[in-house]
1. Taking Thr172 as meeting all but one of (1) more than 30 Å from Glu85 (Cβ to Cβ); (2) of a type in the set (Val, Ile, Thr); (3) in the same structural domain as Val98 (by TED's automatic domain parsing), write down the number of the exception.
2. For residues in region 55-97 being outside any loop (DSSP other than H, G, I, E, B) and within 17 Å of the chain's Cα centre (by Cα), which is modelled with the lowest pLDDT?
3. Name the single residue that is modelled with the lowest pLDDT among those in region 260-277 being surrounded by 10 or more Cβ atoms within 10 Å (Cβ to Cβ) and in a loop (DSSP other than H, G, I, E, B).
4. If Phe67 satisfies all but one of (1) free of Cβ contacts under 8 Å to residues at least 60 places away in the same chain; (2) touching a helix residue (DSSP H, G or I) at 6+ places or on another chain (Cβ under 7 Å), what's the number of the condition it fails?
5. With respect to Leu134, is the statement that it is surrounded by 12 or more Cβ atoms within 10 Å (Cβ to Cβ) and not polar (S, T, N, Q) true?
6. Which of the numbered conditions does Thr3 fail, given that it passes all the others? Conditions: (1) among the β-branched types (Val, Ile, Thr); (2) within 19 Å of the chain's Cα centre (by Cα); (3) surrounded by 10 or more Cβ atoms within 10 Å (Cβ to Cβ).
7. Among residues belonging to region 125-151 that are within 17 Å of the chain's Cα centre (by Cα) and within 23 Å of Thr81 (Cβ to Cβ), point out the one that is modelled with the lowest pLDDT.
8. Among what's in region 11-26 and is surrounded by 13 or more Cβ atoms within 10 Å (Cβ to Cβ) and without any contact (Cβ under 8 Å) to a residue 24 or more places away in the chain, pick the residue that is farthest from the chain's Cα centre (by Cα).
Amino acid sequence: MYTFYMRRMFRRAKQKIEAMVGEAFPVRSEQGMIGDLIGAQEIWRELQRNNHVSVDVKDFVGKNYEFHAGLDYAQEISVQTFATEISPENNIFDGDFVMLSDREPIKMNSEIRGISPVRVKDVPDDLKPVSSPLVEHGKTVDWSDMPLYTDFFLSTVPAMLHHNEYKERRATWWDRPWYHQKLRGLVKYDLLPRGADEPLATVQLEGSRVRYWAASAEEMDRYPRMGKLNANLTAYDRFPKMEPNETCRYGSRKPRESKATWEEEVFRDGGGEFNGS
């Protein structure tokens with residue numbers, strides 16, 4: 001159901017970009033385009049509620065701008081690291097990687113940032129019911145015992161980090177998240193074929209539920225696939241899969257100080273060549 005609304009949003013964005021390009025109007029940011037559409041959605045919602053808004057509504061007549069898109073106010077899904085610096089020379093920012101079971105570093109980090117009392121309490125509620133994929137000594141590792149990026153002001157643990165200014169952190173912070181020490185094994189497992197025995201997720205609604213299933217291609221393998229523009233494919237055709245050596249490779253020139261192979265850069269475990277099979 002929600003895929004339908006996302007497609008509607010992307011169609012609207014494409015139409016808007018094409019119209020702007022046709023008028024020789026510079027389009028500088030895909031993020032700005034999404035923001036523009038979310039703004040249009042809010043105006044459309046107000047129009048539906050009150051049958052009146054304070055702006056010209058000719059662009060909204062006969063169209064549906066409901067995308068079911070919301071804002072991540074608490075930055076629980078994604079957090080950007082730009083403009084979070086407190087003392088960059090001392091490497092102090094709004095957030096850092098900590099183990100939530102270790103209260104002393106959390107207390108110390110909070111005090112350094114002038115936060116009292118401590119706001120970070122425990123593993124977030126949205127993460128508690130999710131089983132960790134890491135197993136050690138036959139037991140699942142608890143989320144509280146893994147290094148998780150935590151915002152000490154908002155007390156949130158986002159799923160994603162967006163290094164929109166500090167590009168170097170894509171390399172210097174690469175080995176800091178919880179999964180990195182086990183990354184080779186996790187990637188190998190994740191590429192295995194997966195049957196459609198259970199849905200990926202189930203969302204309970206009032207009087208109904210929505211279940212999300214993996215693509216049928218994943219019953220063969222879970223490798224990335226090479227999309228082709230204007231490909232004349234049917235619903236049963238498959239894009240060709242891409243091996244790790246095709247997706248993880250340097251361009252025409254290796255970046256300065258880069259490792260000899262992509263395995264050394266990505267896994268950093270001395271395990272040599274990666275074999276996904």
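1. (1)
2. Gln80
3. Selected residue: Gly276.
4. With respect to (1) free of Cβ contacts under 8 Å to residues at least 60 places away in the same chain; (2) touching a helix residue (DSSP H, G or I) at 6+ places or on another chain (Cβ under 7 Å), Phe67 is out only on (1).
5. Taking the combined requirement at face value, the residue satisfies it.
6. (3)
7. Taking the candidates together, the pick is Asp126.
8. Residue satisfying both the conditions and the ranking: Met20.
The values are calculated or read from the model by the stated rules, or taken from the named source; none is laboratory data. Keep in mind that what you see is a predicted model, and the values were worked out from it rather than measured. In this analysis, Cβ positions are derived from the backbone assuming ideal geometry, glycine residues included, and neighbour counts consider all displayed protein chains.
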